[in-house]
Amino acid sequence: MSDIPNTTLFMLMSADGKISTGKSDDRDFDKDLPSFYGVGDGLGQYYQLEQETDLFSFNTGKVMAKVGWNDEKQDIDKSPVTFIIVDNKPHLTQLGVSNLLKKSKKLIIVTNNFNHPAYADNNPNLEVIKYESVIDFVDLFKKLKQMGMDSITIQSGGEMNALLVREGLISNVSLVIAPLFIGGRETPTLIDGDSLSTLDDLKLLRPLEIKSADILNDSYLHLKYKVINT
C-alpha cells in the first residue's frame with residue numbers, strides 16, 4: 001500500500017493544452033468559454049464530471065483568488081468536500097479564508113508564511129499545516145494520507161501541476177478537452193514550470209497509459225490516463 005494518496009489531476013483544457021483564455025487573471029474559462037459558439041454549449045459536461053470527483057480537493061491560493069473567493073459573497077452552499085489549499089504569498093485574504101470555510105467541510109491551508117490570515121481564524125474546521133521554508137510536497141502528501149485522505153483530486157495551476165508531476169505525486173489524469181485553440185506563449189498550460197534542458201532532466205518526464213477516451217457532446221473529449229511513476 002502506498003504511503004501517499006491516490007491522486008487525480010482533473011482539468012479542463014483547450015485542444016492546444018491551455019487552461020485559461022489568456023495570461024491575465026481577468027481571463028478565465030468559466031467567464032469566457034460560454035461566449036464561444038459551439039464551445040459554451042458543451043461546457044456543462046465538465047461541471048457534471050467535476051461533481052463526481054473526490055471528497056478531498058487540492059488547489060492553490062492563487063487559483064482560489066483568481067476565481068473569486070476573496071470577493072464578497074451573499075450565499076455560499078455548503079459542500080461535503082475538504083479543501084487543501086497551498087498558499088504562501090498569501091493570495092487568500094481573511095475574507096477568502098472565511099468564504100472557503102463556509103463552502104468546505106474542512107479547510108486545510110498549507111503555507112510557509114507565518115503571517116497568513118488563516119492564523120487569525122479560530123474556526124474548528126480550519127487546520128494550518130506549516131513549513132519553516134520550502135514546502136516538502138512528498139512529506140505533505142504523506143501527512144494527508146495519514147489524515148485519512150486516500151484519494152485526492154488536484155485542480156491547481158500549471159506551475160503546481162508541473163511540480164507535483166515531477167515529484168511523482170500524480171497517479172492519474174482526467175482531462176476534459178474543449179474544442180478550440182487558444183495559443184499564446186504566456187497563457188497558462190496544463191503543465192508549466194521550468195523547461196527541461198539537460199539529458200539528466202529527462203528523468204522528470206512521466207509517460208502516460210491511456211485508460212479511456214470518450215467522445216462527449218459538442219465535440220468535447222474526456223481522456224483518462226494512468227501516470228507511470230517509476
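Determine whether Glu167 is within 15 Å of Ile4 (Cβ to Cβ), acidic (Asp, Glu) and in contact (Cβ under 8 Å) with a residue 12 or more places away in the chain.
Considered against the rule, which asks whether it is within 15 Å of Ile4 (Cβ to Cβ), acidic (Asp, Glu) and in contact (Cβ under 8 Å) with a residue 12 or more places away in the chain, Glu167 comes out as yes.
Can you name every residue in the range 210-230 that is surrounded by 10 or more Cβ atoms within 10 Å (Cβ to Cβ), part of a strand (DSSP E or B) and more than 20 Å from the chain's Cα centre (by Cα)?
First, pick out the residues of the range 210-230 that are surrounded by 10 or more Cβ atoms within 10 Å (Cβ to Cβ): 210-211, 213-214, 216, 218-229.
Next cut, part of a strand (DSSP E or B) only: 210-211, 213-214, 221-227.
Those that are surrounded by 10 or more Cβ atoms within 10 Å (Cβ to Cβ), part of a strand (DSSP E or B) and more than 20 Å from the chain's Cα centre (by Cα): Ile210, Lys211, Ala213, Asp214.
Which pairs turn up if I take residues in the range 106-119 that are farther than 13 Å from Met64 by Cβ and among the basic types (Lys, Arg) and look for partners that are in a strand (DSSP E or B) and modelled with pLDDT of 95 or more with beta carbon separation below 6 Å, at least 6 apart in sequence or on another chain?
Qualifying pairs under 6 Å: Lys106/Thr82.
Would the range 23-44 turn up any residue that is free of Cβ contacts under 8 Å to residues at least 40 places away in the same chain, within 19 Å of Lys106 (Cα to Cα) and surrounded by fewer than 17 Cβ atoms within 10 Å (Cβ to Cβ)?
no
Just the residues that are touching a strand residue (DSSP E or B) at 6+ places or on another chain (Cβ under 7 Å) and not polar (S, T, N, Q), please, taken from the range 123-146.
If the condition is that a residue be touching a strand residue (DSSP E or B) at 6+ places or on another chain (Cβ under 7 Å) and not polar (S, T, N, Q), then Leu126, Glu127, Val128, Ile129, Lys130, Ile135, Leu140, Lys143, Leu144 are the ones that fit.
Condition first: over 21 Å from Phe29 (Cβ atoms) and not in a loop (DSSP other than H, G, I, E, B). Now tell me which residues in the range 52-85 satisfy that.
Phe56, Thr82, Ile84
I'd like to check something: does the range 100-111 contain any residue that is among the basic types (Lys, Arg), assigned to a strand (DSSP E or B) and crowded, with 16+ Cβ neighbours inside 10 Å?
The answer is yes, given that some residue of the range 100-111 is among the basic types (Lys, Arg), assigned to a strand (DSSP E or B) and crowded, with 16+ Cβ neighbours inside 10 Å.
Output the residue which, of all residues in the range 163-183 that are out of contact with any strand residue (DSSP E or B) (no Cβ under 6 Å at 6 or more places or on another chain) and among the small types (Gly, Ala, Ser), is nearest to Leu216 (Cα to Cα).
Gly183
Could you tell me which of the residues Glu127, Glu72, Glu132 is acidic (Asp, Glu), surrounded by 13 or more Cβ atoms within 10 Å (Cβ to Cβ) and without any contact (Cβ under 8 Å) to a residue 60 or more places away in the chain?
Values: Glu72 fails: surrounded by 13 or more Cβ atoms within 10 Å (Cβ to Cβ); Glu132 fails: surrounded by 13 or more Cβ atoms within 10 Å (Cβ to Cβ).
Residue meeting the stated conditions: Glu127.
Taking the residues in the range 183-209 that are in contact (Cβ under 8 Å) with a residue 60 or more places away in the chain and more than 20 Å from the chain's Cα centre (by Cα) as candidates, determine which candidate is farthest from Ala15 (Cα to Cα).
Ranking the qualifying residues of the range 183-209, first place goes to Gly184.
Would you call Ser151 of a type in the set (Ser, Thr, Tyr) and surrounded by fewer than 18 Cβ atoms within 10 Å (Cβ to Cβ)?
Values: of a type in the set (Ser, Thr, Tyr): yes; surrounded by fewer than 18 Cβ atoms within 10 Å (Cβ to Cβ): yes.
Answer is yes for this residue.
Take the range 150-164 and flag every residue that is outside any strand (DSSP E or B), within 16 Å of the chain's Cα centre (by Cα) and touching a residue at least 60 places away in the same chain (Cβ under 8 Å).
Hits for the range 150-164 are Gln155, Ser156, Gly157, Gly158, Met160, Asn161, Leu164.
The values are calculated or read from the model by the stated rules, or taken from the named source; none is laboratory data. Computed from a predicted model, the values in this text were never measured in an experiment. Using ideal geometry, Cβ is built from the backbone for each residue, glycine included, and neighbour counts are taken over all protein chains shown.
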